[in-house]
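**Q** Questions regarding the structure given below will be posed in turn.
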Amino acid sequence: MLAEKFIKSSVVYVILGMIIGIYMAASQDHSQSPTHAHMNLLGWVTMALMGLVYKNWPEVAAAKLANLTFWLAHVTVIGLSVGIGGLYAGYPEFEPVAIIASFVAVGNMLLFAFLFFRNS
């Protein structure tokens, strides 16, 4: 079930986000705050909310392209976490990763909105 996959994934991402937060607190180095924030907001909040939408509107989850939103969400969370994490670690060559992942995020949300408005 698509909703369940989204929600289970969101739980994994919130744990990873918490680990980043604990690392920052323990090291007193908060330079990865943007990575932590993106992991929690896109990985935990956005994916959980998408899962809840798919759970409450099964006709939207049944749409042909709905599964694509799941995989694009992972590309977004992982891509932005790696891209932003690399940037804030001092590696400017990670900027294209963050840029591409940002465009994937917007595209995925447009697809999600299209599926929701068309099928609900």
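The values are calculated or read from the model by the stated rules, or taken from the named source; none is laboratory data. Predicted, not measured: the structure shown is a model, and the values here were computed from it. Glycine also receives a Cβ, built like all others from the backbone with ideal geometry; neighbour counts cover every protein chain displayed.
**Q** Say we look at the range 60-112 and pick out the residues that are among the aromatic types (Phe, Trp, Tyr) and assigned to a helix (DSSP H, G or I); which of these is farthest from HIS30 (Cα to Cα)? Break it down stepwise before answering.
**A** Filtering the range 60-112 for residues among the aromatic types (Phe, Trp, Tyr) gives 70-71, 88, 91, 94, 103, 112.
From what's left, assigned to a helix (DSSP H, G or I): 70-71, 88, 94, 103, 112.
On the way: PHE70: 30, TRP71: 30, TYR88: 10, PHE94: 19, PHE103: 26, PHE112: 33 Å.
Among residues in the range 60-112 that are among the aromatic types (Phe, Trp, Tyr) and assigned to a helix (DSSP H, G or I), the one farthest from HIS30 (Cα to Cα) is PHE112.
**Q** Which one of ALA101, ALA105 is in contact (Cβ under 8 Å) with a residue 60 or more places away in the chain and crowded, with 20+ Cβ neighbours inside 10 Å?
**A** ALA105
**Q** If I filter the range 4-23 for residues that are in contact with a Lys or Arg (Cβ under 9 Å, 6 or more places away or on another chain), buried (at least 22 other Cβ atoms within 10 Å of the Cβ) and within 22 Å of GLY107 (Cα to Cα), do I get at least one hit?
**A** Yes, that holds for at least one residue.
**Q** Could you tell me which of the residues LEU80, LEU65, LEU52 is over 18 Å from ALA113 (Cα atoms) and at pLDDT 95 or above?
**A** Answer to the check: LEU80.
**Q** Would you be able to say whether some residue in the range 5-25 is free of Cβ contacts under 8 Å to residues at least 24 places away in the same chain and among the hydroxyl-bearing types (Ser, Thr, Tyr)?
**A** yes
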